[in-house]
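Worksheet: one structure, shown below.
The values are calculated or read from the model by the stated rules, or taken from the named source; none is laboratory data. Note that this is a predicted model, so its numbers are computed, not measured. Counting neighbours? That spans all protein chains shown, and the Cβs are built from the backbone with ideal geometry, glycine included.
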Amino acid sequence: MTAELLPTTRRALLHRLAVAQAEGRTPSLVAGVLRDGSLVWDGARSMVDGHAPDLDVQYRIGSLTKTFVAVLVLRLRDEGLLDLADPLARHLPGTPADGATVAQLLAHSAGLAAETPAPWWERTDGSLRPSVGDLVEPAPKHPAGRRHHYSNPGYALLGALVERLRGRPWGEVLRREVLAPLGMTRTTLLPAAPHAGGFAVHPWADVMLPEPLTDTGLMGPAGQLWSTGADLARWAAFLAGGDATVLSLASLEEMRRPAVGPEDDGWTSAYGLGLQLRRHEGRVLYGHSGSMPGFTAGLWISEPDGLAAFALSNATSGANTPLLAARLIALTAEHEPRLPEPWRPLAEVDQELLALTGPWYWGAAPNVLRVKADRHLELAPLGGGTRDSRFRPEPDGTWTGLDGYYAGETLRVVHTPDGAVSHLDLGSFVLTREPYGPAAAVPGGVDEEGWRAY
C-alpha cells in the first residue's frame with residue numbers, strides 16, 4: 001500500500017499550486033500527484049472564495065488527446081492490422097500524406113504543416129472541414145522522416161486511420177477499447193457536467209473573456225477530449241505501468257523512446273510515438289502538454305522516482321500548467337526521495353548460469369557479466385564505458401539485448417565439442433575468459449608467440 005505524503009510535502013505542493021493560480025491569473029486549477037501508480041495528493045484553487053473544483057470536474061485537455069490516439073494506433077499494430085513502417089496510403093489513401101509512415105505521423109516527423117488551412121481550427125466548428133482532404137495542406141513543410149515538426153493535422157489523419165481499420169468512429173473505439181477498461185468514465189469528446197468553462201484573461205487587466213466551446217469534428221484526435229483529475233490519475237498510472245487489457249508495458253515503453261533526434265544541443269525536449277519527453281531539473285519526464293482555447297493541461301511521469309503529476313486549468317494562457325505538473329514531481333521527489341528496494345538474494349539459481357558470471361574479455365577490453373532475476377543478464381565494461389546492456393532470456397537458450405549498443409542483438413554461449421564453455425558470441429563479437437584467448441575462438445587468430453614484453 002502506498003503511504004500518504006508527509007504533511008510538509010502536502011503543504012509545499014499546495015503552496016506551489018496556489019502560487020501558480022495567483023501568479024498565472026487563472027480562474028481555477030486542479031492538480032494531483034501519484035506515487036507508484038496511486039494518487040497520494042490532490043489540490044485545487046479557484047477565483048471563487050470558499051470553492052474549488054474537485055477531481056470530478058471536467059477540463060478540456062487539448063493535445064493530451066494525442067496520447068490516447070497513439071495508444072489506439074499501437075493496439076492496431078500489436079494486433080497485426082498495420083505496421084508502423086506502413087505508408088499511410090496503404091490503409092488511408094488519397095491524402096497529401098500518402099507517403100508518410102504511421103510511425104512518422106505518430107512522431108510528428110512526417111513533414112506536414114503544423115496546422116490546418118485557415119481558418120484556425122481550434123476556434124471554428126469542424127463542419128468547415130467535412131473531409132480528411134480538408135485537414136492537410138497539399139505541400140509538406142519538410143522532407144518526411146528528417147526532423148520533428150509538430151503537426152495537429154497529422155493526428156487527425158491517425159484518428160481517421162483508426163476509424164478506417166476499426167469501421168467505427170475513433171471516439172467510440174476509444175471508449176470501448178481504452179476508456180471503459182481503465183474505468184475512465186468521465187473522459188468524453190464533448191463536455192459533460194460538471195465541467196469548467198474556458199476563459200481568456202486579459203494580458204494587462206484582471207478581466208476575462210469566455211472562449212468558445214467548439215466541436216472540432218475531424219480534427220478531434222488532435223485535441224478534442226475533456227477529462228477530470230480522477231481520470232487523468234488513472235491515465236498516468238496506465239502510461240507508467242501498462243494494462244494487458246489495453247496495451248502492454250513493452251509497447252508503452254516503445255512510445256516513450258525518442259523517435260527523432262532532438263535538434264537542441266543540450267536537448268530539453270523530444271518526442272516519441274505519441275508521448276513528449278522533457279528535461280526538468282535533472283530528470284527526463286514523459287507525458288504530454290495540452291492546450292485549447294480556454295484550457296491548458298499537463299501530465300508528466302518520472303520513471304526513476306515512481307512519480308507522476310497532472311494539472312488542469314481553465315485559462316488560455318498564464319498558469320503554464322504543464323510546467324506546474326513538472327514542478328510538482330520535482331517538489332515531491334525533493335521532499336520525499338524514493339527509497340531503493342531492499343537488496344534480496346535470488347529465489348533460485350542455475351549453477352551453469354552462475355558459472356558464466358564474472359570477467360569476459362572482448363579482445364583485451366575487460367567486461368563483467370552478472371546474473372539477475374528470471375535468468376536475465378547484465379554485461380558492462382569494467383572501468384566504465386557506454387556499452388553496458390541488459391539481456392532477456394529466450395526459449396532457445398540465447399539472450400536478446402534490451403538496451404544500449406546491444407539492443408536487439410543476440411548473446412549466445414558457444415561450447416567446445418566436449419561440452420565446455422568456449423566463449424560468448426554477441427552479435428559476432430567474441431568474448432573470452434582471457435584477453436585474446438582461446439586462439440581458436442578469436443576472429444583473425446592470435447599471434448603464436450603470445451603476450452610478451454618489448
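Summary table below
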| quantity | calculated |
| --- | --- |
| Residue list for the range 362-404, filter: of a type in the set (A, V, I, L, M), over 25 Å from Ala439 (Cα atoms) and surrounded by fewer than 14 Cβ atoms within 10 Å (Cβ to Cβ) | Ala373 |
| Only one of Ala85, Ala156 that is in contact with a helix residue (DSSP H, G or I) (Cβ under 9 Å, 6 or more places away or on another chain), under 23 Å from Pro258 (Cα atoms), at pLDDT 95 or above and not in a helix (DSSP H, G or I) | Ala85 |
| Residue match in the range 337-356 (condition: under 30 Å from Gly306 (Cβ atoms) and of a type in the set (Lys, Arg)) | yes |
| Residue tally, condition under 16 Å from Leu225 (Cα atoms) and in a helix (DSSP H, G or I), over the range 48-82 | 11 |
| Members of the range 416-454 that are of a type in the set (Asp, Glu), under 15 Å from Pro366 (Cβ atoms) and assigned to a loop (DSSP other than H, G, I, E, B) | none |
| Matching residues in the range 116-148 - criterion: being outside any loop (DSSP other than H, G, I, E, B) and of a type in the set (Val, Ile, Thr) | Val132 |
| Filtered residues of the range 241-285 (kept if of a type outside the set (A, V, I, L, M), crowded, with 17+ Cβ neighbours inside 10 Å and more than 21 Å from Pro221 (Cα to Cα)) | Pro258, Arg278, His280, Arg283 |
| Count of residues meeting criterion [surrounded by fewer than 21 Cβ atoms within 10 Å (Cβ to Cβ) and either among the hydroxyl-bearing types (Ser, Thr, Tyr) or not in a loop (DSSP other than H, G, I, E, B) (or both)] in the range 102-115 | 1 |
| Residue that is at pLDDT 95 or above, more than 30 Å from Ala144 (Cα to Cα) and surrounded by fewer than 19 Cβ atoms within 10 Å (Cβ to Cβ), where the choices are Leu39, Leu6 | Leu6 |
| Scan of the range 20-34 for residues that are surrounded by fewer than 21 Cβ atoms within 10 Å (Cβ to Cβ) and either in contact with a strand residue (DSSP E or B) (Cβ under 8 Å, 6 or more places away or on another chain) or not acidic (Asp, Glu) (or both), ordered by number | Ala22, Gly24, Arg25 |
| Test: Leu17 is farther than 23 Å from Leu249 by Cα, crowded, with 16+ Cβ neighbours inside 10 Å and touching a Pro at 6+ places or on another chain (Cβ under 9 Å) | no |
| Strands (runs of 3 or more DSSP E) fully within the range 262-371 counting 2 or more residues that are over 19 Å from Trp41 (Cα atoms), outside the structural domain of Pro393 (by TED's automatic domain parsing) and not basic (Lys, Arg) | 269-271, 276-280, 283-292, 295-302 |
